[in-house]
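The structure appears below as structure tokens.
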Amino acid sequence: MTESVHSEAQAPAKTDVFGFLARFAPLIFLIVLMTGFAIGEPRFLTPLNLFNILRQVSIYGLLAVGMTFVILTAGIDLSIGSLVAFAGLVAAAVSKGGVSNRFTVGAGQEAASYGWYLAALAAIGVGLAGGFLQGFAITRLKVPPFVVTLGGMSAFRGGALLFAAGGPISGFEPNFVWMGQGRVLGEVPVPVVIFVAFAVLAHVVLRYTRYGRQIYAVGGNPEAARLSGLNVRAVITSVYVIMGFFAGLGAFVLAARLNSAEAVAGTGYELTVIASVVIGGTSLFGGVGTIFGTVIGTILIGVLLNGLVLMNVSAYVQQIIIGIIIVLAVAFDTFAKSRRRVG
């Protein structure tokens, strides 16, 4: 009897291959993907192209960071593309010196501008207000997040179309444009710096603060969280406010990068952003996920699209591939959840 117990204690622990893959699959896939594109297309690994990928994904990345907070609570936000358009137009109008001057171009525009910082605050303010309204409707009116944000998608897009009056707002002062087109340290685009800075901040909040633990608790089991004394309504509302903040910030950076804001901006962003978060390992069931995974998922999609473009793959085929990857990522997440239950 003693010998059998001793032999069991000495038996080596089984390697959890599935657990390893579940944790590092996005990063492994990213490395394999980059290796494949580097072999198939020599231009892929040039510094110019790599910085171009990071610049392209920076807007999606900011939105994906905010979406991670929402999905961790088992929520969803389908309105972000429309909110980006609306917030971007407001920021553009502030930069131009007010609603009455929003369509004027030419000399004197820099003097009329209220400044890039007020434009940024205006965009973020619109995003915060939109996020709060949706969070309020979800928690107080008991309307499912899918329905609320679907309505928000339509409402914010309508607001953007009304505000734009059928035309784009363009021609901003240089300091505004620099926030989207400038570079620091020689070659690093400013949008990439903004994305990385806020991703690091979000990572710290989720991993090392009490608030971050509350988000995971609410996403994992909201009823247990409520019985433990957590204000579940406040936590859920707050994640939509955070999503609104990132939508406003992303809108400002997008308008600065394009030197233009229009009502159709952000169309289809929902798909790419949600795909980035899910591919990065955040569970649609809530309670599981990291900002690091979201960043990897965002870069993975950017690498995939960039590599396919370099290899002259049709844009239609690109959409098909992304759709298939999303389905596979969710299927993998469902399988992983069932394995955790069995374990």
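Checking A261 against (1) more than 12 Å from the chain's Cα centre (by Cα); (2) among the small types (G, A, S); (3) at pLDDT 95 or above; (4) under 18 Å from A120 (Cβ atoms), which single condition isn't satisfied?
Just one mismatch for A261, condition (3).
Filter the stretch 25-40 down to the residues that are under 25 Å from P189 (Cα atoms) and modelled with pLDDT of 85 or more and list them by number.
Going residue by residue through the stretch 25-40, those that are under 25 Å from P189 (Cα atoms) are 26-27, 30-31, 33-35, 37-38.
Scanning the stretch 25-40 gives L27, L30, I31, L33, M34, T35, F37, A38.
Condition first: basic (K, R), modelled with pLDDT of 70 or more, touching a strand residue (DSSP E or B) at 6+ places or on another chain (Cβ under 8 Å) and surrounded by 13 or more Cβ atoms within 10 Å (Cβ to Cβ). Can you find one or more residues in the stretch 98-111 that meet it? Explain how you work it out, then say what you get.
Let us first name the residues in the stretch 98-111 that are basic (K, R), namely 102.
Adding the requirement that they be modelled with pLDDT of 70 or more leaves none.
No: the stretch 98-111 contains no residue that is basic (K, R), modelled with pLDDT of 70 or more, touching a strand residue (DSSP E or B) at 6+ places or on another chain (Cβ under 8 Å) and surrounded by 13 or more Cβ atoms within 10 Å (Cβ to Cβ).
Just the residues that are assigned to a helix (DSSP H, G or I), among the hydroxyl-bearing types (S, T, Y) and either over 21 Å from the mean Cα position of the chain (by Cα) or surrounded by fewer than 19 Cβ atoms within 10 Å (Cβ to Cβ) (or both), please, taken from the stretch 297-325.
If we filter the stretch 297-325 for residues that are assigned to a helix (DSSP H, G or I), which is where we start, we get 297-310, 315-325.
Going one step further and asking which of them are among the hydroxyl-bearing types (S, T, Y), we end up with 298, 316.
Matches in the stretch 297-325: Y316 only.
When you look at V90, is it assigned to a helix (DSSP H, G or I), closer than 24 Å to S170 by Cα and out of contact with any Asp or Glu (no Cβ under 6 Å at 6 or more places or on another chain), yes or no? Spell out how you get there, then give the answer.
Numbers: assigned to a helix (DSSP H, G or I): yes; closer than 24 Å to S170 by Cα: yes; out of contact with any Asp or Glu (no Cβ under 6 Å at 6 or more places or on another chain): yes.
So V90 fits the description; yes.
Scan the stretch 214-243 and report the pairs whose first residue is under 22 Å from L63 (Cβ atoms) and whose second residue is surrounded by fewer than 21 Cβ atoms within 10 Å (Cβ to Cβ) and charged (D, E, K, R), with Cβ atoms within less than 9 Å and a gap of 6+ or a chain change.
Once the first residue is under 22 Å from L63 (Cβ atoms) and sits in the stretch 214-243, its partners that are surrounded by fewer than 21 Cβ atoms within 10 Å (Cβ to Cβ) and charged (D, E, K, R) give V218/R226; T237/R140.
Restricting the search to the stretch 158-204, which residues are more than 20 Å from Q56 (Cα to Cα), surrounded by 15 or more Cβ atoms within 10 Å (Cβ to Cβ) and under 19 Å from the mean Cα position of the chain (by Cα)?
Hits for the stretch 158-204 are A202, H203.
Tell me, which residue of the stretch 55-82 that is closer than 12 Å to A202 by Cα and of a type in the set (V, I, T) is farthest from the chain's Cα centre (by Cα)?
Ranking the candidates gives T68 first.
Exactly one condition in (1) within 24 Å of R257 (Cβ to Cβ); (2) out of contact with any strand residue (DSSP E or B) (no Cβ under 9 Å at 6 or more places or on another chain); (3) part of a helix (DSSP H, G or I) is not met by F37; state its number.
Condition not satisfied by F37: (1).
Select from the stretch 294-318 the residues that are over 21 Å from N52 (Cα atoms) and not aromatic (F, W, Y) and list them in ascending order. Step through it out loud before you land on a result.
Applying the first criterion (over 21 Å from N52 (Cα atoms)) to the stretch 294-318 yields 316-317.
If the condition is that a residue be over 21 Å from N52 (Cα atoms) and not aromatic (F, W, Y), then V317 is the only one that fits.
Could you list, in sequence order, the residues of the stretch 211-232 that are crowded, with 16+ Cβ neighbours inside 10 Å and either among the basic types (K, R) or in contact with a helix residue (DSSP H, G or I) (Cβ under 8 Å, 6 or more places away or on another chain) (or both)? Give the steps one after another, and end with the answer.
Kept after step one, since they are crowded, with 16+ Cβ neighbours inside 10 Å, are these residues of the stretch 211-232: 212, 214-220, 222, 225, 230, 232.
Matches in the stretch 211-232: G212, Q214, I215, Y216, A217, V218, G219, P222, A225, L230, V232.
The values are calculated or read from the model by the stated rules, or taken from the named source; none is laboratory data. Model, not experiment: these values are computed from the prediction. Please note: Cβ atoms are built from the backbone with ideal geometry, for glycine as well, and neighbour counts cover all protein chains shown.
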